[in-house]
1. Report every pair of residues separated by at least 6 positions or lying on different chains whose Cβ atoms are under 7 Å apart, first residue within the range 190-208 and at positive phi, second in a strand (DSSP E or B) and surrounded by 12 or more Cβ atoms within 10 Å (Cβ to Cβ).
2. Which of the residues that make up the range 106-159 are under 17 Å from L87 (Cα atoms) and outside any helix (DSSP H, G or I)?
3. Can you find a residue that is under 25 Å from S374 (Cβ atoms) and touching a strand residue (DSSP E or B) at 6+ places or on another chain (Cβ under 7 Å) anywhere in the range 194-203?
4. Given the structure, is G321 in contact with a Leu (Cβ under 7 Å, 6 or more places away or on another chain) and among the small types (G, A, S)?
5. For the range 317-330, name all the residues that are without any contact (Cβ under 8 Å) to a residue 24 or more places away in the chain and buried (at least 18 other Cβ atoms within 10 Å of the Cβ).
6. May I ask you to list the residues in the range 342-354 that are of a type in the set (D, E, K, R) and surrounded by fewer than 17 Cβ atoms within 10 Å (Cβ to Cβ)?
7. Show me the helices (runs of 4 or more DSSP H) found entirely inside the range 268-383 where at least 2 residues are out of contact with any strand residue (DSSP E or B) (no Cβ under 9 Å at 6 or more places or on another chain).
Amino acid sequence: MKIMMFAHGGSLNRGCEAIVRSSASIIKERISGAKVFLSSQKPDTDGMIPRLDGVYDGTRTEIRKYSMDWALSFLSFRLLKNESYALRKLEQKVISRIKEVDICMSIGGDNYCYGEQPQWYEIDRSVKRSGKKLVLWGCSIGEEDMSERKLRDLKLFDLILARESLTYNMLRAQGLTNVKLCADPAFTMEKEELLLPAGWQEGRMIGLNFSPLVWKRNKSSHAAVHDLMKHILQTTDMTIALTPHVMEQDNNDYDLLRQYDEEFKHTGRVILLPDNLTAVQYKGFISRMRFFIGARTHATIAAYSSCVPTMVLGYSVKSKGIALDIFGEERLVLGINDISDSRKLISRFNEMVLDEAELVDKLRQSIPNIKRMSYRAADYLRHLG
């Protein structure tokens, strides 16, 4: 069985790296002889990922103005309101690889949470025209993200694997019968433990991840997180480890966290982890923390899967669904509108500290089953093939 992962934006987003790493591993563990290839929009960022059988250049092809392709694209859209010709040209590097594999696997996770995705829709149609199997792997989609166009695309898939129950139930309610429930593959990802940096206090570390993506959606959240850090430093003896997880241009956690590092450096109890670690190395640090506060989903998955009590900052259906599947409730997940309220952040942090033993116990009970659900995705894939 030959599988091509696509819809991957590159591994400067360590969550995307975590998905690819863990997916390749569980597929090869569960499916004998499977070959796994990755089509990447930033192939130069994926070289550190083991167990891949090849990385393809999945960058978009520029349509030069006034070229024949440009003219045909223009006329097709202008006269027929059809963008397919242009999209096929833009995505031709991915589409050209479809014939080489048995299964094409869209792996973006939350790609379908951000409006219409006509480029993926065109690739999906090309997969089906080629007679190949089409899989949506480990997805989260909110009801607010759905549209008639998106639903038509989802009906093309031979298999949709929802990574949490909120998405699963919503898609089933939409009439889709090709949906199975699993868990995010990154729950199974290994860790790599590096030497601890200066200032690290064993057993007294709180990880903090914050993202430009969340900050841009709620500008007042920056000050509220500042107040939370101030509260932690004033009321505990713990050290805060600022933990970046995405280092993309215009979406760089490190740049944002560096501002907090400069503001609190004088306390001697704030450290900033480097911006050049791999997903497994970040997990190595997160796994040795006592608590974690995070905006990036896969940073929080690294914490959950290491049984570290975790508070989630202002995200979407995926964070709510993941917490629901672990705890039976949306435990310690703050919505995007909540995270500008310093009092709410501090109250939830205090709740996490107070309930530490209970949270650790619940994670130890739940995470083995969540990991089994991650592996279940590969079993569904094997039966499809």
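The values are calculated or read from the model by the stated rules, or taken from the named source; none is laboratory data. Everything numeric in this text was worked out from a predicted model, so none of it was measured. In this analysis, Cβ positions are derived from the backbone assuming ideal geometry, glycine residues included, and neighbour counts consider all displayed protein chains.
1. Listed pairs, sorted by first residue: G199/T239; G199/I271.
2. Scanning the range 106-159 gives S106, G115, E116, Q117, S130.
3. no
4. On the way: in contact with a Leu (Cβ under 7 Å, 6 or more places away or on another chain): yes; among the small types (G, A, S): yes.
Taking the combined requirement at face value, the residue satisfies it.
5. S319, A323
6. In the first step, residues of the range 342-354 are kept if they are of a type in the set (D, E, K, R); the result is 343-344, 348, 351.
Within the range 342-354, R343, K344, E351 qualify.
7. Numbers: elements: 279-286, 297-304, 317-327, 342-354.
Once the helices (runs of 4 or more DSSP H) in the range 268-383 are filtered for at least 2 residues that are out of contact with any strand residue (DSSP E or B) (no Cβ under 9 Å at 6 or more places or on another chain), what remains is 279-286, 317-327, 342-354.
To keep it simple, each residue is scored yes or no on (1) more than 22 Å from A295 (Cα to Cα); (2) surrounded by 18 or more Cβ atoms within 10 Å (Cβ to Cβ); (3) aliphatic (A, V, I, L, M); (4) more than 15 Å from the chain's Cα centre (by Cα).
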{"position": "M5", "(1), (2), (3), (4)": "yes, yes, yes, no"}
{"position": "S11", "(1), (2), (3), (4)": "no, yes, no, no"}
{"position": "C16", "(1), (2), (3), (4)": "no, yes, no, no"}
{"position": "A24", "(1), (2), (3), (4)": "yes, yes, yes, yes"}
{"position": "E29", "(1), (2), (3), (4)": "yes, no, no, yes"}
{"position": "G33", "(1), (2), (3), (4)": "yes, no, no, yes"}
{"position": "S39", "(1), (2), (3), (4)": "yes, yes, no, yes"}
{"position": "T45", "(1), (2), (3), (4)": "yes, yes, no, yes"}
